[in-house]
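Visitor: First the structure, which I've put down as structure tokens, then a few questions once you've had a look.
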Protein chains: 2
Amino acid sequence: MQLGLSVSDSDVSSFTPLVVLELADDTKAEAITWFLSRIRDKQHNGGAELLVDQLLFPAQDGQKSNPNVFVVGSTLQRLLKGAEDVGLFKEFQDGIMRGFTYANRESFKDFYGDGEGFLSDAECQYIIKHELDTLRAKNEEHVPGYPKVKLYPGKSVVRRLQSKGILVQYFPLHNKEYLKRLSFSWYKKIKLSFQPLDDIRHYFGEGLALYFGFLEYFTFALVPMALIGISYYLFDWEDYDKYVLFAVLNLVWSTVFLELWKRCSSTLAYEWGTLSRKKAFEEPRAGFHGVLGFNPVTGREEPVYPSLKRQLRIYLVSVPFVLLCLYLSFYVMMVYFDMENWAISIYNENPNFANGILLFVPSIIYAVVIEIMNLLYRYAAEFLTNWENHRLESSFQNHLVLKVLVFNFVNCFASLFYIAFVMQDMVLLRQSLATLLITSQILNQVMEAFLPYWLQRRRNKKVHKRMRRVMGDKELPLLEQVQLETEMNTYLGTFDDYLEQFLLFGYVSLFSCVYPLAAVLVVLNNITEVYSDAFKMCRVFKRPFSEPAANIGVWQLAFETMSIIAVVTNCALIGLSSQVKAHFPESESQMILIVVAIEHVILAFKFILAFVIPDVPKDIEVKLAKLEFDSLGALKKKKILEAVET
Amino acid sequence: MQLGLSVSDSDVSSFTPLVVLELADDTKAEAITWFLSRIRDKQHNGGAELLVDQLLFPAQDGQKSNPNVFVVGSTLQRLLKGAEDVGLFKEFQDGIMRGFTYANRESFKDFYGDGEGFLSDAECQYIIKHELDTLRAKNEEHVPGYPKVKLYPGKSVVRRLQSKGILVQYFPLHNKEYLKRLSFSWYKKIKLSFQPLDDIRHYFGEGLALYFGFLEYFTFALVPMALIGISYYLFDWEDYDKYVLFAVLNLVWSTVFLELWKRCSSTLAYEWGTLSRKKAFEEPRAGFHGVLGFNPVTGREEPVYPSLKRQLRIYLVSVPFVLLCLYLSFYVMMVYFDMENWAISIYNENPNFANGILLFVPSIIYAVVIEIMNLLYRYAAEFLTNWENHRLESSFQNHLVLKVLVFNFVNCFASLFYIAFVMQDMVLLRQSLATLLITSQILNQVMEAFLPYWLQRRRNKKVHKRMRRVMGDKELPLLEQVQLETEMNTYLGTFDDYLEQFLLFGYVSLFSCVYPLAAVLVVLNNITEVYSDAFKMCRVFKRPFSEPAANIGVWQLAFETMSIIAVVTNCALIGLSSQVKAHFPESESQMILIVVAIEHVILAFKFILAFVIPDVPKDIEVKLAKLEFDSLGALKKKKILEAVET
């Protein structure tokens, strides 16, 4: 088989390699030939019309590397047509974002010459991914060479190869040049400027850029709270009035900040062309299985799985499992309190320095255990949600997010709620809050960035040494790059990053009135988080495919829910404080009624505020309306033209 | 001028008259000529391409009737093309609702021959209204004959003529045949069947049909509550446990019923083709004025009014005015309580039958005063909202609804809240609730249907007699019909009808746990309401133009808000009841905490329920997805065809 490039000319490839395809190393030759020919075939024959080349790695002492690695690229024209297929929005001459069409390409703002540089790297890779994903079986009954890997007309070839383990992975290549520039402006210099969001979006796509935008926005929004928090600490404002003031400020702030974020995010999404972009029709996920039937929407043959069966799995297995995990989490919490009591009793018997440190040990252990439980639960939740066999990736994600959110919320905050409302010990609450917050943040950053980086570096060195040994001084950057990136870990999406921010938001807002310093800790954490997240995206993980996103999706709802719960907890804490009770020495019930009334007023106020503040800024709204108006007008004009013609 | 038909041939008009246009009787002849020629002109000349004829009424002893009355009709082809312009959805061959296009007309399900009967009366009239409304000025600088009535290119001619009083009114004609059948199946026979919603929609359009659908749905949904309410009354269940049970039932019911209504309404809207219909671009309202500028969206010349000025008017005038009215309403309430006390003191001094009746007098007077205040406020609110000078009808409506809702809510329920939570007198609460409910319902039905009907009948008889006298035995049904309908009152939309249901919902749900019989009263009221509303639509008012509606809009939100407030009030009432207090003899504050906790749980449950129940039934969702999928496919196919052609 002489499909690939020889070692010596692999770096003078006839096209810019954008995506790497790795097939299993024992893949049958006829399957490879068929797959490549389908990729190369013309579109009107049902092919993807992309360019693809094999990479041949030199044999390396004993360790044979996988021969079935391919790089995929495309002609510029094909990419531009693909951009229309995926529905990219680009800035038009008149400054408005419009759906890109190949026919009108010259009228778009940054289109010069043949369109070189018009599409970003990430967009090109996204288009190639889309074209590969929608490469459909024609009349093949199975993958050549694999009679058991069945196909039916319309089935996505890539999905089937993936689900059967023939296609091991496919991922976009890093662009070393751009990455160097990006990482320099992003995290390599300590600076007080904003993150280069447009460049991040350019390189990693909208989904990730929105996460970093949110991270930055959230951190800046916390700064005023942090400053107030510091002044509480400095001036010893242990005064009740001031705590109430802080709580109210915090509640109003959290509502306003979440509402304003919607406006920010829609401004960003508009500029990035994702706000009015239509969602593509969603394919079934790779792991979805079922009896072959007909999809009522598309009329295509495709596996069908009865909704009732899925519901049964959810309600009879998943829900009980989640409840069991919650029970376990409570049990661990009670063990923690026993440990805590034991440590206190030892300290009281013999109050020396060592025993003083011992006081913090249970909290730290508990924080570590919480992180471990979250991690284990995460795997279990993913397994279960997979087993529930959701047809669409979006529905899979929603069920996963819900499961994980509920457990993490309970797991992280149960002990704090217990201390606050059952034990009513505000000093312990403050201390636990601080310990939990600090420990979990340190653990998190180590686990998510530095540990993987360290492992990665060891691997890199090995690869580097190996390559050098085999090839002497020949410069083979592409081969080496592909080899390195193939072995990098895969970035699993923004889920964990958002989850972390969600929990941090909980630490700041739920008990804000007893521990104003939490905001300071979160700000400090987030500043390092920006750097460690940026670092991990650029150096630790494979480059992810860009994901178009118009907003932060379900996380907006999660944050809003948290801010509603925060109103309840803060009001309850204020009601519990001894200073408030002292104001109503005679009638406790009157005090409760007043607190409840205030709580209701704040909640009503939140809802009204959310209703009154428009989600999209005025100028963006005008632009969207203009787009809509123009498309109506174009339709009418077209109709008149057609009428004239007939 | 010989534009019109002579008396004798007016009934053998060359087309079916659908819409009546009435110009002021002193309109200048050149304006009329110009206006009619614009209406008749071909579409490619910017005309509306409709048919229009003048109706000449015979002179009637002394009383000269307006000579400038015109009937408008259209050819079938023009109507079908108009149906495409307004974006009507019709059932396609495959059973799916699709946007109607003239080119594919033969593929729609009920299209036979040349399309006679394919469009309903109401749709034809809606299309004619749309074409008249979008008849735009070309190069005319003013209306001929009226140098002061300025025009600019693109200005809607009809809106301008209307705002200057030259066009007095335009309205759709009743279809006597259909009306007779409709009224027979709708309200003329006492029956236990459902309302003929499809026929109502066919005749009056979707907006009104949805109102009647909601009215019916709401009434049926109340029946179980009413049955339980009756059993409370019959078996004297004055037991606390049972009241709590009733309250909980009521709260769950109100949530479920509102959620399920969304599904019902989307099913109806789907079948009527309004669910996926795109909203047309909204023109400025007729009364909107401002300096001539450019609309940033359309780029057209049009009046512009600074948003800041409007905001100032709202916050500096409207808001204080509303607050003043609310204060007035409170003041009247306090006067009512004084009267109440005075009546009780008289009864206590001398408890005889006459004085026993006197006990009810203050409540009845108060109920009447409330209705009068609501009415007066309504006019004031309309005036103010008009003065705020909103550009769009929808924004005008929103501001009006908000003003009226807040006032009516306070005006109707303030006294009940006062009795419940300040006086804490449950017996008086029950009595006031019943009196208010009954009195306001009786008043309402008299005011909204029977009084106008009576006035109308007197007028009709006069017209009838006059016509007979002038024309002897000649049959001139069209002339007489136009004459009669011109003088009928105009139906001002479903606002008042929904408002009434909203207040009734408040009476049922806010204090349900002290007066379960309220549901019975509301059911009884609504049964007569269906008949009186149907009657008033068919006989009292001019036929309204159909309004496409996909849901009940802002009223869904209003009802949901009411059901949230109901949770709070019911929990508070339960907390206040002496039986509950008796359960916690020692600790009142514990009782309050439990009640508050229950309230929070119910509220959380409501939100989760609203989130979990999908707004659109599964089968409709599949159909909508199919529509979307097909349109994407069609787009792609078109592109490929275009690519092949070039």
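The values are calculated or read from the model by the stated rules, or taken from the named source; none is laboratory data. Because the structure is a prediction, the values reported are computed rather than measured. Ideal geometry is used to build each Cβ from the backbone, glycine not excepted, and the neighbour counts take in all protein chains shown.
Visitor: Based on what the data block shows, is A:Met447 in contact with a Pro (Cβ under 9 Å, 6 or more places away or on another chain), modelled with pLDDT under 85 and part of a helix (DSSP H, G or I)?
Guide: no
Visitor: Let me ask something else. Looking for whichever is over 23 Å from B:Leu18 (Cβ atoms), in contact with a helix residue (DSSP H, G or I) (Cβ under 9 Å, 6 or more places away or on another chain) and either buried (at least 20 other Cβ atoms within 10 Å of the Cβ) or at pLDDT 85 or above (or both) here; the options are B:Glu140, B:Glu131. Which one fits? If you could, list the steps in order and put the result at the bottom.
Guide: Working: B:Glu131 fails: over 23 Å from B:Leu18 (Cβ atoms).
Result of the check over B:Glu140, B:Glu131: B:Glu140.
Visitor: Determine, yes or no, whether A:Arg543 is in contact with a Phe, Trp or Tyr (Cβ under 9 Å, 6 or more places away or on another chain), assigned to a loop (DSSP other than H, G, I, E, B) and within 18 Å of A:Leu208 (Cα to Cα).
Guide: For A:Arg543, the condition - in contact with a Phe, Trp or Tyr (Cβ under 9 Å, 6 or more places away or on another chain), assigned to a loop (DSSP other than H, G, I, E, B) and within 18 Å of A:Leu208 (Cα to Cα) - is met.
Visitor: Looking at the range B:599-628, which of its residues are under 22 Å from A:Thr569 (Cβ atoms), more than 12 Å from chain A (Cβ to nearest Cβ) and surrounded by 15 or more Cβ atoms within 10 Å (Cβ to Cβ)? First the steps, then the outcome.
Guide: First, the residues of the range B:599-628 that are under 22 Å from A:Thr569 (Cβ atoms): B:599-608, B:611.
Filter once more, so that each one left must be more than 12 Å from chain A (Cβ to nearest Cβ): B:602, B:605-606.
Residues satisfying the conditions are B:Ile602, B:Lys606.
Visitor: Which of the residues that make up the range A:290-318 are in contact with a Leu (Cβ under 8 Å, 6 or more places away or on another chain) and either without any contact (Cβ under 8 Å) to a residue 60 or more places away in the chain or under 16 Å from A:Leu392 (Cβ atoms) (or both)?
Guide: If the condition is that a residue be in contact with a Leu (Cβ under 8 Å, 6 or more places away or on another chain) and either without any contact (Cβ under 8 Å) to a residue 60 or more places away in the chain or under 16 Å from A:Leu392 (Cβ atoms) (or both), then A:Glu302, A:Pro303, A:Val304 are the ones that fit.
Visitor: Shifting gears a bit: Given the residues A:Ser631, A:Ser578, A:Ser563, which is the only one that is assigned by the TED database to the domain that holds A:Thr255 and at pLDDT below 85?
Guide: Going through A:Ser631, A:Ser578, A:Ser563 in turn, just one is assigned by the TED database to the domain that holds A:Thr255 and at pLDDT below 85: A:Ser578.
Visitor: Something else now. Considering only the range A:97-136, state which residues are of a type in the set (Gly, Ala, Ser) and either assigned to a helix (DSSP H, G or I) or within 26 Å of the chain's Cα centre (by Cα) (or both). Even if it seems obvious, please write down each step before you answer.
Guide: Taking the range A:97-136 as the starting set, the residues that turn out to be of a type in the set (Gly, Ala, Ser) are A:99, A:103, A:107, A:113, A:115, A:117, A:120, A:122.
Answer for the range A:97-136, where residues must be of a type in the set (Gly, Ala, Ser) and either assigned to a helix (DSSP H, G or I) or within 26 Å of the chain's Cα centre (by Cα) (or both): A:Gly99, A:Ser107, A:Ser120, A:Ala122.
Visitor: Specify the residue that is surrounded by the fewest Cβ atoms within 10 Å (Cβ to Cβ); the eligible residues are those in the range B:375-394 that are in a helix (DSSP H, G or I) and at pLDDT below 90. Talk me through it step by step, then tell me what you get.
Guide: Let us first name the residues in the range B:375-394 that are in a helix (DSSP H, G or I), namely B:375-387, B:393-394.
Subset that is at pLDDT below 90: B:375, B:393-394.
Numbers: B:Leu375: 12, B:Glu393: 15, B:Ser394: 14.
Looking at residues that are in a helix (DSSP H, G or I) and at pLDDT below 90, I get B:Leu375.
Visitor: Return yes when B:His174 is within 17 Å of the chain's Cα centre (by Cα) and of a type outside the set (Phe, Trp, Tyr) and no when it is not. Explain how you work it out, then say what you get.
Guide: Details: within 17 Å of the chain's Cα centre (by Cα): no; of a type outside the set (Phe, Trp, Tyr): yes.
Taking the combined requirement at face value, the residue does not satisfy it.
Visitor: Taking the residues in the range A:97-113 that are more than 12 Å from chain B (Cβ to nearest Cβ) and among the aromatic types (Phe, Trp, Tyr) as candidates, determine which candidate is surrounded by the most Cβ atoms within 10 Å (Cβ to Cβ).
Guide: Step one: of the range A:97-113, the residues more than 12 Å from chain B (Cβ to nearest Cβ) are A:97-98, A:100, A:104-113.
Those still in the list that are among the aromatic types (Phe, Trp, Tyr) too: A:100, A:108, A:111-112.
Details: A:Phe100: 24, A:Phe108: 17, A:Phe111: 20, A:Tyr112: 11.
The qualifying residue surrounded by the most Cβ atoms within 10 Å (Cβ to Cβ) is A:Phe100.
Residues checked against (1) assigned by the TED database to the domain that holds A:Asp110; (2) out of contact with any His (no Cβ under 7 Å at 6 or more places or on another chain); (3) surrounded by fewer than 19 Cβ atoms within 10 Å (Cβ to Cβ); (4) aliphatic (A, V, I, L, M):
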{"site": "A:Arg263", "(1), (2), (3), (4)": "no, yes, yes, no"}
{"site": "A:Ser266", "(1), (2), (3), (4)": "no, yes, no, no"}
{"site": "A:Trp272", "(1), (2), (3), (4)": "no, yes, no, no"}
{"site": "A:Leu275", "(1), (2), (3), (4)": "no, yes, no, yes"}
{"site": "A:Lys278", "(1), (2), (3), (4)": "no, yes, yes, no"}
{"site": "A:Gly290", "(1), (2), (3), (4)": "no, yes, yes, no"}
{"site": "A:Asn295", "(1), (2), (3), (4)": "no, yes, yes, no"}
{"site": "A:Thr298", "(1), (2), (3), (4)": "no, yes, yes, no"}
{"site": "A:Glu301", "(1), (2), (3), (4)": "no, yes, yes, no"}
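Visitor: Within the range A:163-171, can one find any residue that is surrounded by 21 or more Cβ atoms within 10 Å (Cβ to Cβ), in a helix (DSSP H, G or I) and in contact (Cβ under 8 Å) with a residue 24 or more places away in the chain?
Guide: no
Visitor: If you don't mind, there's one more thing I want to ask. Name the residues in the range A:65-109 that are out of contact with any Leu (no Cβ under 8 Å at 6 or more places or on another chain) and small (Gly, Ala, Ser), would you?
Guide: Correct list: A:Ser65, A:Gly82, A:Gly87, A:Gly95, A:Ala103, A:Ser107.
Visitor: Continuing with this model, one more query. Quick one: B:Leu492 ticks every box in (1) surrounded by fewer than 17 Cβ atoms within 10 Å (Cβ to Cβ); (2) of a type outside the set (D, E, K, R); (3) more than 29 Å from B:Tyr178 (Cα to Cα) bar one, so which box is it?
Guide: Condition not satisfied by B:Leu492: (3).
Visitor: Out of all the residues in the range B:89-96, is one or more crowded, with 18+ Cβ neighbours inside 10 Å and in contact (Cβ under 8 Å) with a residue 40 or more places away in the chain?
Guide: Within the range B:89-96 (the criterion being crowded, with 18+ Cβ neighbours inside 10 Å and in contact (Cβ under 8 Å) with a residue 40 or more places away in the chain), the answer is yes, since at least one residue qualifies.
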